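K.L.:
This structure is in structure tokens; I'll ask about it shortly.
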Amino acid sequence: MLKLLAITVLLSSVLEAASSSEKVEDFLKKNFANNPSIESVNVKVRNEVTVKEKKNWTAYFVELEAVVKKDKRKVSQKMVWFSDGDVITKELYDIKSSSNIGDLVSLPFKDEYYSKENLIYGNSNAKHKVVIFSDPLCPFCRNYVPEAINYMKKYPKKFAIYYYHFPLPSLHPAAVELVKAAVALELKGRKNVVLNLYKVEVNAREKSIDNILKAFNKTMGSNIKAHDLATSEVKKHIEHDLKVADLVMVRGTPTIFFDGDMDRTKNKYKEAK
């Protein structure tokens, strides 16, 4: 991972007559370029969000692309930096609450990210749009997601539920093939696959596709084969979900968006009118 030598530094001496985003981009580019192992680097501010909890501070969502000098390897990294125009810092804490301000800012879920293929329950014109990024083998997801979906699906005019697969291969290798099987079954016209996905009993560390499909088919009463997981349609759907997750910088599961904003409480749907 690429790092700066200093976490907090002054920006005012870097650029005088540039926009705030340009200041951040130029400062980070110059500092990362000082790394002797880097051949070239490009930094782009993709989004900026006002930090409501801290006056005059802005969160900058940055995308960095670099080429490693030793093996010409290309690396890409997304990160969040904070600045008040004079100071830039990677981490920002509230002294009174000891809270990490980074946990309070997020990118918005834009209108173009909603896809009819991801709408699993409710009407697209419902009063509220709820987005769920989940790994079906994530222990917390196993309890939370079915409960939340079962509650919201009773009110199709109130909630439009959009579900995006976000398996975590380093933690739950079996989830990767499991979500492919779920997509494959949905493409065959099966309904309610997502809810039943959370009933599949399989070791999260399982790597045998045969064993994973055996558990999946037993729960679903289906006959999905290994070749069904390798179709271009399945690949396209999974890639789409992961791309959207990357665009809004989803890092863990479950991640919930309520009417375009990340819901860190994960319970706004219970309070919705």
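Laboratory data are not the source of any read-out in this text; all were calculated from the coordinates shown. Here the structure is a predicted model, which means the values were calculated and not measured. Using ideal geometry, Cβ is built from the backbone for each residue, glycine included, and neighbour counts are taken over all protein chains shown.
K.L.:
Nearest 500 deg cm²/dmol is fine: what mean residue ellipticity at 222 nm does the chain get from its DSSP H runs of n ≥ 4 alone, each adding -39,500 (n - 2.57), divided by its residue count? Can you show the working numbers first?
P.N.:
Working: 7 runs with 80 residues, N = 273.
Helix-only estimate at 222 nm: -9000 deg cm²/dmol.
K.L.:
Another one. Could you tell me the calculated FRET efficiency between Lys225 and Asp86, based on Cβ-Cβ distance and R0 = 45 angstrom, to the nearest 0.05? Don't skip to the answer; put the middle values down first.
P.N.:
Numbers: r = 61 Å, r/R0 = 1.34.
So the FRET efficiency works out to roughly 0.15.
K.L.:
So for the chain, taking the charge dipole from beta-carbon charges (+1 Lys/Arg, -1 Asp/Glu), which of Pro167, Ala182, Gly252 sits furthest toward the positive end?
P.N.:
The residue sitting most towards the positive pole is Ala182.
K.L.:
Roughly how tilted is helix 209-220, in degrees to the nearest 10 and between 0 and 90, from the longest Cα axis of the chain?
P.N.:
60
K.L.:
Something else: For the chain, take the longest principal axis of its alpha carbons; what is the angle in degrees between that and the long axis of helix 139-152, to the nearest 10 within 0 to 90?
P.N.:
Value to nearest ten degrees: 70.
K.L.:
Over the stretch 71-198, what relative contact order in percent results from Cα pairs under 8 Å that are six or more residues apart? Each step should come with its number before you reach the end.
P.N.:
Working: 137 pairs, mean separation 27.2, N = 128.
Normalised by residue count, the contact order of the stretch 71-198 is 21 percent.
K.L.:
Given a Förster radius of 22 Å and the C-beta distance between Asp261 and Lys29 as r, what FRET efficiency does 1/(1 + (r/R0)^6) yield to the nearest 0.05? Could the numbers behind the result be given before it?
P.N.:
Numbers: r = 30 Å, r/R0 = 1.37.
The computed FRET efficiency comes out at 0.15.
K.L.:
The list [x] 128; [y] 136; [z] 163 gives values of volume of the Cα convex hull per residue in Å³, and only one came from this structure; which label was calculated from it?
P.N.:
Answer label, from the structure shown: [z].
K.L.:
Could you give the length gained by full extension between Val49 and Ser115, i.e. 0.36 nm per residue of separation minus their alpha carbon distance, to one decimal place?
P.N.:
On the way: separation 66, 0.36 × 66 = 23.76 nm, distance 2.43 nm.
Length gained between Val49 and Ser115: 21.3 nm.
K.L.:
Which number do you get for Rg(Cα) / (2.2 N^0.38 Å) in the stretch 27-159?
P.N.:
Details: Rg = 20.1 Å, N = 133, 2.2 N^0.38 = 14.1 Å.
Ratio of Rg to 2.2 N^0.38 Å for the stretch 27-159: 1.42.
K.L.:
Continuing with this model, one more query. Please identify the trypsin sites (Lys or Arg not before Pro) of the stretch 232-264 that satisfy two criteria: DSSP loop assignment and at most 16 other Cβ atoms within 10 Å. Which are they? Working shown, then result.
P.N.:
Numbers: sites: Lys235, Lys236, Lys243, Arg251, Arg264; in loops: Arg251, Arg264.
Listed in order of number, the matching sites are Arg251, Arg264.
K.L.:
Aspartates and glutamates near Lys129 by alpha-carbon distance under 14 Å, same-chain residues fewer than 8 away left out - which ones?
P.N.:
Straight-line reach from Lys129, under 14 Å: Asp111, Glu112, Asp259, Asp261, Asp263, Glu271.
K.L.:
What's the longest uninterrupted piece of the chain once you rule out the GluC sites (Glu not before Pro) that are loop residues per DSSP with at most 15 other Cβ within 10 Å? All intermediate terms of the calculation are to be shown ahead of the outcome.
P.N.:
On the way: sites that count: Glu16, Glu53, Glu91, Glu201.
Excluding the exposed sites themselves, the longest stretch runs over 92-200.
K.L.:
Still on this structure: Please compute the contact order of the stretch 141-268 in relative form: average sequence separation of alpha-carbon pairs under 8 Å and at least six residues apart, divided by the residue count, as a percent. Write out the running numbers ahead of the final one.
P.N.:
On the way: 108 pairs, mean separation 31.7, N = 128.
Once divided by the residue count of the stretch 141-268, the mean separation gives 25 percent.
K.L.:
Rank-order 221-227, 128-134, 153-159 by packing density, defined as the average count of other C-beta atoms within 10 Å over each peptide's residues, highest first.
P.N.:
Numbers: 221-227: 13.0, 128-134: 23.4, 153-159: 15.0.
Most protected by this proxy first, the peptides run 128-134, 153-159, 221-227.
K.L.:
Using Cα pairs under 8 angstrom and six or more residues apart, how large is the relative contact order of the chain, in percent? Show your work: numbers first, answer last.
P.N.:
On the way: 432 pairs, mean separation 42.6, N = 273.
The value is 16 percent.
K.L.:
Further question: Quick check: the angle from helix 173-187's long axis to the longest principal axis of the chain, C-alpha only, nearest 10 degrees?
P.N.:
Taking the Cα atoms of the chain, the angle to 173-187 is about 60 degrees.
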